[in-house]
Amino acid sequence: MTLLGMTVQELTDWVTAQGQPKYRGQQLHEWLYHKGVVSFAEISVFPKAWRELVGDEIIGRSQIVQRSPAPDGTVKYLLQLQDRLTIETVGIPTSDRLTVCVSTQVGCPMACDFCATGKGGWRRNLAVHEIIDQVLTVQNDFQRRVTHLVFMGMGEPLLNLANVLSVIRILNQDVGIGQRHMTVSTVGVPQQISAFAQAHLQVTLAVSLHAPNQELRQQLIPSAKRYPLTQLMADCQDYVKITGRRLSFEYTLLAGVNDAPAHAMELAQLLRGFQCHVNLIPYNPIAGVDYRRPSAQSVQNFARILEKLHIATSIRQTRGLSASAACGQLRSQQERHDPQKN
């Protein structure tokens, strides 16, 4: 059992079962979610004898194995979980916000051809407290309140949907991050976009396309063979109808693979009539993979074609390139140096 992830009422029930007064449930909630306590011993308002009796592991926090800062202020973390598996999370600061990119799985089963996480395989889903912990870790390290959250780290969030929905509720209600400041990214899982829509959240759903046609998409994303682009787009249309919310489509630009003007025109045709926005992502190169980052001119040309064809488009600002920015790189580096840990 871990305390992180519990509601005020659940914490109150737990403290009273421990023979403590009910008001300690509210105190414990404050120390967990707002003070970011990492050990039970730190909760100084509790009796020392009780703190020693309970021990520290019950909190459910991870350990920072590696902290990798970039000149732009982005910090990437390699975190070790209680079973010694490792995951990555990223803190991305600007003058008026602090965004955390969280992982939802240890590794990823989707095996996208250009992705460092996919190359490392999949171990398991993350528990609710292990996802929340990432947010609190970044908040503690930056000594700033986290304002925005993106589920774009290691793993496919919709394959861990029940836990992701719980995390969204807790981070919204207990930590205080607005749902409209959260984005869940998916490469697409059959039936799961519909299930996510039925939750009726104010969260943005970002669908990773990376290709404007089925042939190229299944070359880049093996799961596309089981979930054809036509079905994915139909599910996206249903999502918009159910939620009334605009979709975001992510498109990683790979030099000489999917960044030609013809690809941009094909993508615009695919998205015609959609209530959507396209986020273009210049590729972050990873070791052992032949894909290259496109030129800035190529990225701009691609964006201009989409905009000319009336597709709302933005180019994601690359952050933390010097910090092994592509998700999965720190973990793969650590595994090469210490394979026994994973």
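The values are calculated or read from the model by the stated rules, or taken from the named source; none is laboratory data. Owing to the predicted nature of the structure, the values given are computational and were not obtained by experimental measurement. Positions of Cβ are generated from backbone atoms using ideal geometry, with glycine treated the same way; all protein chains shown enter the neighbour counts. Ligands, DNA and RNA are excluded from the accessible area calculation, which covers all protein heavy atoms including side chains. Shrake-Rupley method; radii C 1.70, N 1.55, O 1.52, S 1.80 Å.
Could you look at the chain and say what percent of its accessible area is carbon and sulfur, using a 1.4 Å probe and all protein chains? Walk me through the intermediate numbers first.
On the way: 7310 of 14830 Å².
In the chain, the share of accessible area belonging to carbon and sulfur is 49 percent.
Output wanted: per-residue J couplings in Hz (rounded whole) for region 186-193, from phi through Karplus 6.51 cos²θ - 1.76 cosθ + 1.60, θ = phi - 60°, x for Gly and Pro.
3J(HN,Hα) across region 186-193, in whole Hz: 9, 7, x, 10, x, 6, 7, 5.
So what does SER194 come to for accessible area, using a 1.4 Å probe and Å² rounded to 10?
60
Ignoring ligands, DNA and RNA, what accessible area per residue does region 215-291 give at 1.4 Å, in Å²? Please report the intermediate quantities before stating the final value.
On the way: 3420 Å² over 77 residues.
So region 215-291 comes to 44 Å² accessible per residue, rounded to a whole number.
Against the longest principal axis of the chain, how steep is helix 128-142, in degrees 0 to 90 to the nearest 10, with axes from Cα atoms?
90
Residue-wise, which Karplus ³J(HN,Hα) couplings in Hz belong to region 222-237, taking 6.51 cos²θ - 1.76 cosθ + 1.60, θ = phi - 60°, and x for glycine or proline?
The phi angles translate into x, 5, 5, 5, 8, 9, x, 4, 4, 6, 4, 5, 5, 5, 5, 4 Hz.
Might you tell me the accessible area per residue for region 1-154, computed with a 1.4 Å probe and given in Å²? Kindly include the intermediate steps, with their values, before the conclusion.
Numbers: 6480 Å² over 154 residues.
About 42 Å² of surface per residue is accessible.
What's the magnitude of the charge dipole for region 95-203 around its Cα centre, counting Lys and Arg as +1 and Asp and Glu as -1 at the beta-carbon? Answer in Debye, nearest 20.
Working: 8 positive and 7 negative charges, 14 e Å.
Roughly 60 debye, rounded to the nearest 20.
Determine the sum of side-chain charges near LEU229: Lys and Arg each +1, Asp and Glu each -1, restricted to other residues whose C-beta is under 13 angstrom from that of LEU229.
Working: positive: ARG217, LYS225, ARG226; negative: GLU215, ASP235, GLU266.
Residues near LEU229 contribute 0 overall.
Quick check: the distance between the Cα centres of region 168-191 and region 72-111, to the nearest angstrom?
15
Suppose a student asked you for the relative contact order of region 149-267, using Cα pairs under 8 Å spaced at least 6 residues apart; what percent would you report? Kindly include the intermediate steps, with their values, before the conclusion.
On the way: 138 pairs, mean separation 30.3, N = 119.
This gives 25 percent for region 149-267.
Once all Cα-Cα distances of the chain are split into 10 Å bins that start at 0, what whole-number percent is in each one?
5, 25, 32, 23, 10, 4, 1
Using the Cα atoms of region 30-179 to build a convex hull, what is its mean projected area in square nanometres?
9.7
Rounded to the nearest 5, what % of DSSP beta bridges with both residues in the chain are antiparallel?
Numbers: 19 of 42 bridges.
Roughly 45 percent of the beta bridges in the chain run antiparallel, per DSSP.
Given Cβ point charges of +1 (Lys, Arg) and -1 (Asp, Glu) and nothing else, what value in debye, to the nearest 20, does the dipole of the chain about its Cα centre take? Numbers along the way, then the final one.
Working: 33 positive and 27 negative charges, 82 e Å.
That gives a dipole near 400 debye.
Over region 213-300, what is the mean sequence separation of C-alpha contacts under 8 Å (at least six apart), divided by residue count, expressed as relative contact order in percent? Provide the component values of the computation, followed by the final result.
On the way: 79 pairs, mean separation 25.9, N = 88.
Once divided by the residue count of region 213-300, the mean separation gives 29 percent.
Taking 8 Å as the Cα distance limit and 6 or more residues as the minimum spacing, I'd like the relative contact order of region 34-89 as a percentage. Mind dumping the intermediate values first?
Numbers: 67 pairs, mean separation 13.2, N = 56.
About 24 percent, as a whole number.
Just how far, in whole angstrom, is region 209-275 from region 1-44 if you go by their alpha carbon centroids?
Centre-to-centre (Cα) distance: 44 Å.
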